[in-house]
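In what follows, a structure is listed as structure tokens, so that the remarks can point back to it.
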Protein chains: 4
Amino acid sequence: MEILLDAENQIETWQEVTLVYNAALKQINTRLEILNDEFQHVHQYNPIEHIKSRIKTSESIVKKLKRHGYESTIENMVKYVNDIAGVRIICSFTSDIYRIAEMIRLQSDIHVIAVKDYIRVPKPSGYKSYHMLVTVPVFLSDRTVDVKVEIQIRTVAMDFWASLEHKINYKFEGNAPAHVKEELVECSRMVSDLDSRMQHLNEEIKALSAEKGE
Amino acid sequence: MEILLDAENQIETWQEVTLVYNAALKQINTRLEILNDEFQHVHQYNPIEHIKSRIKTSESIVKKLKRHGYESTIENMVKYVNDIAGVRIICSFTSDIYRIAEMIRLQSDIHVIAVKDYIRVPKPSGYKSYHMLVTVPVFLSDRTVDVKVEIQIRTVAMDFWASLEHKINYKFEGNAPAHVKEELVECSRMVSDLDSRMQHLNEEIKALSAEKGE
Amino acid sequence: MEILLDAENQIETWQEVTLVYNAALKQINTRLEILNDEFQHVHQYNPIEHIKSRIKTSESIVKKLKRHGYESTIENMVKYVNDIAGVRIICSFTSDIYRIAEMIRLQSDIHVIAVKDYIRVPKPSGYKSYHMLVTVPVFLSDRTVDVKVEIQIRTVAMDFWASLEHKINYKFEGNAPAHVKEELVECSRMVSDLDSRMQHLNEEIKALSAEKGE
Amino acid sequence: MEILLDAENQIETWQEVTLVYNAALKQINTRLEILNDEFQHVHQYNPIEHIKSRIKTSESIVKKLKRHGYESTIENMVKYVNDIAGVRIICSFTSDIYRIAEMIRLQSDIHVIAVKDYIRVPKPSGYKSYHMLVTVPVFLSDRTVDVKVEIQIRTVAMDFWASLEHKINYKFEGNAPAHVKEELVECSRMVSDLDSRMQHLNEEIKALSAEKGE
């Protein structure tokens, strides 16, 4: 998916890429901390368990451009690589995922460009996660740049599974033996079952508490 | 279990309790960071996913003393309450738990006072975790105090389960309806299955990589 | 100085004050970090030495309202107390102060409400610092609130002096003996001399480097 | 000065140097935080204003070895370069410097190898600072290594001066024009005057407070 951003014409060196995307990560992290604090204040409950963020290495970016048939220029990086800046939000329950996504969507200065719901429709590998591609304004000294950030939201159980899948993909370069792939799909089903049972239990408790008038 | 510590005679006010147990937490956290860095260096792998630590509130300490029939004195706190300072280490696989416990055990200045392996023998509630009660030397300006710290080590899946159980215990003050308790035990079984399947998969991959001569 | 802010009608409890002003501090800190990184990238030089921030305690806020004859309501706090959230920026040279102030002024979403330049016109006590009262938008889940933050910018030498003056004011409740006050004014003069000599030296070096064609 | 340390025979690669010296910095920082908290608790006063720490780059280490006529081996680095790990402690008053040095000296597991008091006897350049070379035990998984750390303690004013001197040395590679050097010496004298006046004022206030029976 091609997205036209002003950023293309304003970022000219790899140092500037690092500077601007790091700034975007800092802004998003601060924003999420504030939303989590507010949620805690209103609902006595933290929807966000923890957050990790990373800048893609220049090697991975160049690899990705090559795979899609693009030349390795700064312009192409900014234009075609959507996950240069990535944020991963880990939460307890699947329902938290949609709550957090909604909070992000309602932020008036953050624009949601694309959403991929791999929870409703998991990847064939068994991968489950909620992906949002957003832009966040970064205020530099002389201009404001809209920077793309990929946000992945998942439960702790999905994240545990995804770490192992990532390791396997890395070791076998995508060509894991069939029985390993099948076992992964089976584990993904167990993750879903666990997440679903735990969430029902959590909801039942809330309902029981409400009955008691709390 | 009663443990005789020099600390009893050296800590006299609640401010000193806070000071000394906070210092112990800082020491333990730094030590674990160093061990994790070393492990990463030697094995290209972080056994520790993340660490949380907390000081028990004075209210909880007083409650605990009362429950065990002790007067609320600073001396009794230091003598009988073993989890004033608590550290929770979260890791990916059950095998990591025993690896981390071993690393802690080998530290020459940390003394292991007691171990409870609720993974080999889970609590009837379904609770699983590896508990170590240790003392760590805290170097103050004019003396060194051995301070007790409770370390809990668990997988991400066990931790997820334990958070929900804690919430339920808190809401129902220990008297949750029978079907809620049963559902919790069932979820605990699913956690064990998932942890075990994921660990086997992880070991198989390591074996396959080793065969390929990596 | 009375400032009418939407915030007055939107903040109703002390918890909300804490939440919203803390969020403002986080936003400002992140913004300053980004500007400092950018400056470092462009000029190979960090204008900001370090940053401290604090929320005024409820006791201090109530005292201040009383001193000015206002009732202790949340509405009055938000309306009349301009330094509930305070940020202190410490830098090396006086010229950095004006550079940082300019960078803040140019941020399109930060509004500067008032400026007090106690460097050009020091207080009779000898106090020197550059004060800006700004508003920064805080994005909550359902609305955006413009929150007041007091920014103080000073050199390390001014900050050193101001810490001692603060301690003296606190100990003598504003009524320090005359010779203490005079000595403070004299020290403030020495701070100015030192800052000015050091800045000239710094500028001379830059000029000499430029001549050598660096 | 040659110091024989077990570390020589136990550290074999640059990665291990980084690992072990970083661990030493973490240990020292934690220790200083704890001492500062204790001091704050006992005296209602923080002697440490802030702390910076750094690992020397491999380039600087190699340069230093060459300058002293040593081959660039890991063994020589560990043996002859005493400031691979450096900690700088900044405080308000000169008297704090000696207080902090004393606290470090009293730590039973930290060994002081050498002290250079450039405050009592400043360098001809005007440089003032208190240097301690210490070893701190680093607990690895299978052994304990005594690691050298250079600790520099200075006032904020001395630190301000030292930053400018460092910049000048860097730009002119040690050969600054004579009038620049003289101006630096003059500024160093002003720093001493300011520090001394401020400290006297601080002591007078303490004495006055004591008289009032506080």
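Using square roots of five times the C-alpha gyration tensor eigenvalues, list the equivalent-ellipsoid semi-axes of the protein assembly as shown in whole Å, biggest first.
Working: eigenvalues 409, 232, 223 Å².
So the three semi-axes of the protein assembly as shown are 45, 34, 33 Å.
Mind checking the range A:130-173 for GluC sites (Glu not before Pro) that DSSP puts in a loop (not H, G, I, E or B) and that have at most 10 other Cβ atoms within 10 Å?
Hits after loop and neighbour filter: A:E173.
Which value in nm describes the separation of the simple spin-label points at A:N175 and B:D117, placed 7 Å from the Cα toward the beta carbon?
That separation, rounded to one decimal, is 4.2 nm.
Hey, what's the Cα Rg ratio for the range A:74-214 versus the globular rule of thumb, 2.2 N^0.38 Å?
On the way: Rg = 18.5 Å, N = 141, 2.2 N^0.38 = 14.4 Å.
Normalised Cα radius of gyration, the range A:74-214: 1.28.
Can you give the Rg to Rh ratio of the range D:7-157, both from alpha-carbon atoms, with Rh computed by the Kirkwood formula?
Expressed as Rg/Rh, it is 0.99.
Say a label goes 7 Å from Cα toward Cβ at B:V42 in every copy; what distances in nm does this one have to the rest, shortest first?
For B:V42, the other copies' label points sit at 3.8, 4.9, 4.9 nm, shortest first.
Apply the Karplus parameterisation 6.51 cos²θ - 1.76 cosθ + 1.60, with θ equal to phi minus 60°, to every residue of the range B:199-212 and state each ³J(HN,Hα) to the nearest whole Hz, in sequence, with x for glycine and proline.
5, 4, 4, 4, 5, 4, 5, 4, 5, 4, 4, 5, 4, 5
Rounded to the nearest 100 Å², what's the accessible area chains D and B bury against each other, both chains counted, probe 1.4 Å?
Numbers: alone 12790 and 12770 Å², together 23310 Å².
For chain D against chain B, roughly 2300 Å² becomes buried.
List for the range C:155-198: residues with 40 Å² or greater reduction in accessible area, all protein chains versus chain alone, probe 1.4 Å?
Buried-area filter returns C:V156, C:F160, C:L164, C:K167, C:K171, C:F172, C:E183, C:C187, C:M190, C:L194, C:R197, C:M198.
Measuring nothing but label to label, 7 Å from Cα along Cα→Cβ, what are D:S60's distances to the other copies in nm, shortest first?
Ordered by distance, the counterparts are at 3.1, 3.6, 4.3 nm.
Using 0.36 nm times the number of residues separating D:S58 and D:H43, minus their current alpha carbon distance, what extension gain do you get?
On the way: separation 15, 0.36 × 15 = 5.40 nm, distance 4.12 nm.
Here the answer is 1.3 nm.
Students often get this wrong: which residues of the range D:72-92 have the backbone nitrogen under 14 Å from the point 7 angstrom along Cα-to-C-beta of D:K66?
In the range D:72-92, the label zone of D:K66 (backbone N under 14 Å from the point 7 Å along Cα→Cβ) covers D:72-73.
I need to check one value: relative contact order of the range D:7-157, counting alpha carbon pairs closer than 8 Å and at least 6 residues apart, in percent.
On the way: 241 pairs, mean separation 41.4, N = 151.
Reported relative contact order: 27 percent.
Identify the residue of chain C whose Cβ lies closest to the rotation axis that maps chain C onto chain A, and give that distance in whole Å.
For chain C, the closest residue to the axis carrying it onto A is C:T30, 2.
Amide H to amide H, which residues 5 or more places from B:E49 or on other chains are under 5 Å from it, using H placed in the peptide plane?
Under 5 Å from the amide H of B:E49 lie the amide H atoms of B:I90, B:C91, B:S92, each far enough along the sequence or on another chain.
How far apart, in nanometres, would the label points at A:E182 and A:K206 be if each is projected 7 angstrom from Cα along the Cα-to-Cβ direction?
3.9 nm
Given R₀ = 30 Å, what would the calculated FRET efficiency be for A:H50 paired with B:D109, taking r from the Cβ atoms and rounding to 0.05?
Working: r = 30 Å, r/R0 = 1.01.
Taking R0 as 30 Å, the efficiency between A:H50 and B:D109 is 0.50.
Can you tell me the 0 to 90 degree angle between the C-alpha axis of helix A:156-172 and the longest principal axis of chain A, rounded to 10?
Roughly 50 degrees between the two axes.
Among the GluC sites (Glu not before Pro) within the range C:34-91, which fall in a DSSP loop and have no more than 10 other Cβ atoms within 10 Å of their own Cβ?
On the way: sites: C:E38, C:E49, C:E59, C:E71, C:E75; in loops: C:E71.
Passing both the DSSP loop test and the Cβ count: C:E71.
With n ≥ 4 as the cut-off for DSSP H runs, can you work out [θ] at 222 nm for chain D, using -39500 (n - 2.57) per run divided by the number of residues, rounded to the nearest 500? It would help to have the intermediate numbers written out before the result.
Details: 7 runs with 115 residues, N = 214.
Computed mean residue ellipticity for chain D: -18000 deg cm²/dmol.
Note the direction-averaged projected area, equal to a quarter of the hull surface, for the Cα convex hull of the range A:95-175, in nm².
Details: hull surface 28.5 nm².
Answer in nm², one decimal: 7.1.
Can you list the HN-Hα couplings for the range D:50-65, worked out from phi with the Karplus curve (6.51, -1.76, 1.60; θ = phi - 60°), rounded to whole Hz and with x for Gly and Pro?
7, 10, 10, 9, 7, 9, 5, 5, 4, 4, 5, 5, 4, 4, 5, 4
So the label point sits 7 Å from Cα along the Cα-to-Cβ vector; using that for A:H200, what distances do you get to the other copies, in nanometres, sorted shortest first?
2.5, 8.1, 8.1
Exposed loop trypsin sites (Lys or Arg not before Pro) only (DSSP loop, at most 10 other Cβ atoms within 10 Å): please give the longest stretch of chain A free of them, not including the sites. List each step's numbers first, then the result.
Working: sites that count: A:R120, A:K212.
Counting only loop sites that pass the neighbour cut-off, the longest clear stretch is A:1-119.
Before I look further, what does the range A:7-156 give for accessible area per residue, probe 1.4 Å, in whole square angstrom? Write out the running numbers ahead of the final one.
Details: 6360 Å² over 150 residues.
Using a 1.4 Å probe on heavy atoms only, each residue of the range A:7-156 averages 42 Å².
Quick one: pull the percent of accessible area on the range A:7-156 belonging to carbon and sulfur, 1.4 Å probe, ligands and nucleic acids left out. All intermediate terms of the calculation are to be shown ahead of the outcome.
Numbers: 3070 of 6360 Å².
Summing carbon and sulfur atoms, their accessible area is 48 percent of the total for the range A:7-156.
Compute the angle between helix B:14-43 and the longest alpha-carbon principal axis of chain B, please, reported from 0 to 90 degrees and rounded to the nearest 10.
20 degrees
The values are calculated or read from the model by the stated rules, or taken from the named source; none is laboratory data. For clarity, every value in this text was computed on a predicted model and none was experimentally measured. Backbone-built Cβ (ideal geometry, glycine too); neighbour counts: all protein chains shown. To get the accessible areas, we keep the full protein, side chains included, count just its heavy atoms, and leave off ligands, DNA and RNA. Shrake-Rupley method; radii C 1.70, N 1.55, O 1.52, S 1.80 Å.
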